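Please read the structure below before turning to the comments.
Any read-out appearing in this document is the output of simple, stated calculations on the displayed coordinates, not a laboratory observation. Note that the structure is a prediction, hence the values are computed from the model and not measured. Here the Cβ positions follow ideal geometry from the backbone for every residue, glycine too, while neighbour counts run over all protein chains shown.
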Amino acid sequence: MSMKFRYSQGTVSTAICVLSFFGVVAYSEDSGPDMYDGFTSTRGGEGGRIIRVTTLESEGKGSLRNALWEKGPRIVVFEVGGVINLKGRSLNISEPFVTVAGQSAPEPGITIIRGGIGVATHDVILQHLRVRPGDNGREKRSGWEPDGISAYSGKAHDIIVDHCSLTWAVDENLSVSGERLKGPEETAHRVTFSNCIIAEALNDSSHSKGPHSKGSLVHDYCQDIAIIGNLYANNTRRNPFLKAHTTCVFVNNFIYNPGTAAIQMDYSEKEWKDAPVDPLPGRASITGNVLHHGLDTRTGLALVADRGAVWLHDNSVVPRKEEEGPITQGDIEELPDKPIWPQKLVSLPSTETVAHVTKNAGARPAERDDIDARIIRETVEGKGRIIDSQEEVGGYPEHESTERKLDIPEDNISAWLNEMARAVEEP
């Protein structure tokens with residue numbers, strides 16, 4: 001899928017962005033191909049051995065869990081498609097240099113339920129996966145609190161989550177965190193979230209704190225976080241939440257039907273009481289984003305609120321009926337220039353954001369599953385709602401398993417995976 005972008009600065013007049021295996025590849029007529037991955041140049045498991053997932057079982061020989069446990073650079077491909085039921089035991093990635101290429105699976109692709117994915121290591125690329133933890137049949141406030149995908153600890157850096165669908169998490173759908181009072185090196189950093197659907201985090205569900213519908217948390221000291229081209233839909237808060245000492249670019253995202261907060265910037269004073277340094281508000285470059293108020297959105301909700309330092313450019317808020325739709329609320333310091341920006345990032349104008357995101361976001365957008373298709377349809381029609389359980393929207397998906405033997409080339413694996421990505425991204 002190719003799409004023209006416009007430069008707002010610089011001398012190059014024409015740029016093309018191609019959504020590919022490694023996220024967004026920007027190139028110009030003058031300079032030729034050039035990789036864009038936010039603040040990271042990771043290649044994941046490129047050059048490593050190929051590990052084939054041959055079963056949808058949650059563990060054992062040929063399973064995704066076993067592939068993630070393997071050591072050394074590796075590219076994980078799928079010779080099966082369908083639902084992986086984690087049965088309440090989330091996956092953990094602790095061995096670095098890995099690419100998980102969900103685009104390699106036969107239709108209907110890979111959907112992970114009843115658990116999520118934790119990333120506690122570096123140089124990780126996750127693509128074209130659907131992660132739908134749900135309440136796992138647990139009672140309200142029972143303490144079942146999975147994220148969809150979470151990168152945590154200082155070891156979690158140089159990570160890309162691209163073209164994934166994250167729904168029905170009980171904590172956050174997609175987040176970064178770590179030892180948040182010990183500085184940026186002890187928290188997740190250089191992480192990119194691109195082209196994802198981040199939607200329908202469960203509200204009054206099994207979280208021990210009670211109602212807790214949250215999109216993304218960027219915890220204290222998480223830095224060099226790039227959030228680009230995603231759909232945030234039907235999450236009450238944290239769309240996303242940028243805490244103290246964070247640095248982030250938030251570009252060309254479409255936020256639909258947040259409940260009481262869209263982009264939050266703030267921190268808790270009491271959490272910093274015994275910290276060795278004073279907390280400082282997060283800093284962010286926020287451009288090309290669109291907020292649409294929905295059926296559950298508080299009247300007058302702003303795009304950015306509370307306490308932070310931001311560069312704002314070309315963002316829009318679309319309220320319901322004649323309600324006010326401000327860009328900022330609270331103690332938001334507007335900066336004259338970008339406090340942070342990846343060198344090769346080129347943003348779309350906000351007038352193109354909604355069409356771009358609704359066409360391209362999520363796992364396998366050319367062949368979306370019923371859940372993603374419904375979320376996109378309800379977003380476009382203005383009908384989506386915040387939910388308490390996956391049972392309100394049809395329950396966990398059930399797909400018949402499929403198989404396809406992969407004929408993997410001996411060299412140029414990246415080009416082969418790029419072609420597979422294009423096949424599931426382009427309609």
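If Arg132 satisfies all but one of (1) touching a His at 6+ places or on another chain (Cβ under 7 Å); (2) within 27 Å of Ser206 (Cβ to Cβ), what's the number of the condition it fails?
(1)
From the residues in the range 64-83 that are of a type in the set (A, V, I, L, M) and touching an Asp or Glu at 6+ places or on another chain (Cβ under 8 Å), which one is nearest to Lys155 (Cα to Cα)? First the steps, then the outcome.
So in the range 64-83, the residues of a type in the set (A, V, I, L, M) come out as 64, 67-68, 75-77, 80, 83.
After this cut, where a residue has to be touching an Asp or Glu at 6+ places or on another chain (Cβ under 8 Å) as well, the list is 68, 75, 80, 83.
Values: Leu68: 16, Ile75: 20, Val80: 31, Val83: 29 Å.
Per the criteria, the residue is Leu68.
Of everything in the range 123-135 that's hydrophobic (A, V, I, L, M, F, W, C) and free of Cβ contacts under 8 Å to residues at least 60 places away in the same chain, which residue is surrounded by the fewest Cβ atoms within 10 Å (Cβ to Cβ)? Break it down stepwise before answering.
Going through the range 123-135, the residues hydrophobic (A, V, I, L, M, F, W, C) turn out to be 124-126, 129, 131.
With the extra rule that they be free of Cβ contacts under 8 Å to residues at least 60 places away in the same chain, the set shrinks to 126, 131.
Details: Leu126: 25, Val131: 31.
Per the stated criteria, the residue is Leu126.
Restricting attention to strands (runs of 3 or more DSSP E) lying wholly within the range 201-318, give those where 3 or more residues are out of contact with any helix residue (DSSP H, G or I) (no Cβ under 6 Å at 6 or more places or on another chain) and more than 22 Å from Pro184 (Cβ to Cβ). I'd like the intermediate steps shown before the answer.
Values: elements: 223-228, 231-233, 247-251, 254-256, 263-265, 283-287, 290-292, 304-313, 316-318.
Fully inside the range 201-318 and qualifying: 304-313.
Suppose we filter the range 63-122 for residues that are within 20 Å of the chain's Cα centre (by Cα), crowded, with 23+ Cβ neighbours inside 10 Å and among the aromatic types (Phe, Trp, Tyr); how many remain?
Within the range 63-122, residues that are within 20 Å of the chain's Cα centre (by Cα), crowded, with 23+ Cβ neighbours inside 10 Å and among the aromatic types (Phe, Trp, Tyr) number 0.
Going through Gly394, Gly325 one at a time, which residue ends up being over 22 Å from the mean Cα position of the chain (by Cα) and surrounded by 14 or more Cβ atoms within 10 Å (Cβ to Cβ)?
Numbers: Gly394 fails: surrounded by 14 or more Cβ atoms within 10 Å (Cβ to Cβ).
Answer to the check: Gly325.
Give the residues of the range 309-357 that are of a type in the set (D, E, K, R) and either under 16 Å from Asn230 (Cβ atoms) or free of Cβ contacts under 8 Å to residues at least 12 places away in the same chain (or both), sorted by residue number. Before you say what the answer is, go through the steps one by one.
Quick first cut of the range 309-357, residues of a type in the set (D, E, K, R) only: 314, 320-324, 331, 333-334, 337-338, 344, 352.
Lys321, Glu322, Glu352, listed by residue number.
Checking Ala275 against (1) within 22 Å of Ser41 (Cα to Cα); (2) surrounded by fewer than 24 Cβ atoms within 10 Å (Cβ to Cβ); (3) of a type in the set (A, V, I, L, M), only one condition comes out false. Which one?
That leaves (1) as the condition not met.
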